[in-house]
Structures are given as structure tokens and as C-alpha cells.
1. Do you know which residues across the range 6-48 are assigned to a loop (DSSP other than H, G, I, E, B) and more than 22 Å from Asp99 (Cβ to Cβ)?
2. Could you tell me which residue of the range 97-108 is nearest to Met48 (Cα to Cα), considering only residues that are in a helix (DSSP H, G or I) and at pLDDT 90 or above?
3. Do we find a residue being part of a loop (DSSP other than H, G, I, E, B) and within 29 Å of Met77 (Cβ to Cβ) anywhere in the range 109-129?
4. Out of everything in the range 49-89 that is in contact (Cβ under 8 Å) with a residue 40 or more places away in the chain and part of a loop (DSSP other than H, G, I, E, B), what residue ends up being surrounded by the most Cβ atoms within 10 Å (Cβ to Cβ)?
5. Just wondering, is there one or more residues in the range 18-36 that are within 16 Å of Phe136 (Cα to Cα), exposed (fewer than 15 other Cβ atoms within 10 Å of the Cβ) and not small (Gly, Ala, Ser)?
6. Residue by residue through the range 17-60, note down the ones that are over 17 Å from the mean Cα position of the chain (by Cα) and either at pLDDT 95 or above or on the phi > 0 side of the Ramachandran plot (or both).
Amino acid sequence: MIDQEIKVTALSLEEVSMRNASALIGKPDDMMVGVYLLFSGSASGQIMLAFQPQTAFELVDMAMGTPSGTTQELGEMERSVLAEAGNVVGSFFLNAVADHASLRLLPTPPAVVMDMVGSLIGAILAEALQEYETVFVIRISFSLPDRQIEGRFLVLPSLDSHANAPECEGA
């Protein structure tokens with residue numbers, strides 16, 4: 001859109017208890033913007049790219065080539081920009097995992113939701129809490145030469161994914 005690349009970098013990978021995962025995003029009553037995708041194929045699950053609202057607005061400004069602070073709310077165009085960011089990041093991640101583990105993973109179109117952290121994260125973690133004790137949260141950075149923002153990326157397999165997925169060598 002802006003005739004320059006936005007660089008996406010994984011800054012860290014944290015393994016946290018399911019019960020503490022939402023604390024990495026914010027307090028339960030803080031607002032957040034989530035870009036949510038499901039995936040299916042050889043395994044299934046959920047992916048969420050999570051941002052504080054101001055950070056999501058800044059990502060829209062970066063992608064649209066507008067000055068920082070221009071975006072103040074999520075209209076149709078802004079949601080489309082965030083959905084595409086989630087689609088690119090989610091698809092890249094799924095393709096990397098699929099290639100490494102010889103799986104077929106297909107993402108759904110992303111949904112962009114703005115709600116309280118407790119509500120969004122709680123809905124996603126509810127199923128996973130039944131079986132998993134920890135979750136991996138990836139801290140990622142989006143950057144241009146003069147701007148940088150951070151977000152969190154959560155990936156949660158469905159409860160039946162491990163039964164359907166083939167064993168990986170060295171696992």
C-alpha cells in the first residue's frame with residue numbers, strides 16, 4: 001500500500017501458564033484489538049494477534065502510510081488493514097509449522113474484534129484450559145525505518161489436534 005515493506009520480527013517466545021496468558025496482553029478490563037483466525041487441516045486450532053487499541057491504530061497508520069496518530073477508530077478500511085496483517089502473520093506462521101512438520105494447515109479469513117482482554121482471551125483460552133497447562137506467546141514487532149510497534153501472537157491447537165497430527169522427528 002505504501003511502497004515500502006513493513007518488517008515483521010519475532011522478538012521472543014514465552015511459555016506461560018494458561019492462567020497467566022492474558023496478563024501478557026493486559027488487565028482483564030483493558031480494551032484490546034484481536035485479529036482472530038481458525039486453522040484446520042492436519043491439525044486445527046486458533047490464532048490471535050493481539051494489540052492495545054493505540055498500537056492497532058498505529059499499525060493501520062503504518063500500513064496506510066499516514067502520519068502516526070491519524071487513525072482513532074476502527075472503521076471498515078482499518079479493520080481490513082488489520083485483518084490483512086493477521087492474515088499475513090498467521091499464514092506465515094502456519095506455513096512455517098506445516099513445512100517443518102509435514103502438515104497441511106489452512107487458515108480461515110481473519111476476524112477483527114475490539115473488546116476487553118478478559119472477554120477475548122477468556123473465550124479463546126476456555127477450551128485450551130481443559131487440556132493444556134501452558135501456552136506459547138510470541139512477542140512480535142512491526143517496523144518501518146522510522147516507526148516500530150509491538151503485539152502478541154497466540155497459537156492454540158484444538159484439543160483433538162495432537163491426536164490427528166503425525167509425530168515429528170526429534171519431538
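1. Start the filter on the range 6-48 by keeping residues that are assigned to a loop (DSSP other than H, G, I, E, B), which leaves 6, 25-30, 42-44.
Ile6, Ile25, Gly26, Lys27, Pro28, Asp29, Asp30, listed by residue number.
2. Kept after step one, since they are in a helix (DSSP H, G or I), are these residues of the range 97-108: 97-101.
Narrowing the set further to residues that are at pLDDT 90 or above leaves 98-101.
Values: Ala98: 18, Asp99: 21, His100: 21, Ala101: 21 Å.
Among them, the one singled out is Ala98.
3. Of all residues in the range 109-129, those part of a loop (DSSP other than H, G, I, E, B) come to 109-110.
Narrowing the set further to residues that are within 29 Å of Met77 (Cβ to Cβ) leaves 109-110.
The answer is yes, given that some residue of the range 109-129 is part of a loop (DSSP other than H, G, I, E, B) and within 29 Å of Met77 (Cβ to Cβ).
4. In this case the residue turns out to be Leu74.
5. yes
6. Gly41
The values are calculated or read from the model by the stated rules, or taken from the named source; none is laboratory data. These numbers come from a predicted model, not from an experiment. Please note: Cβ atoms are built from the backbone with ideal geometry, for glycine as well, and neighbour counts cover all protein chains shown.
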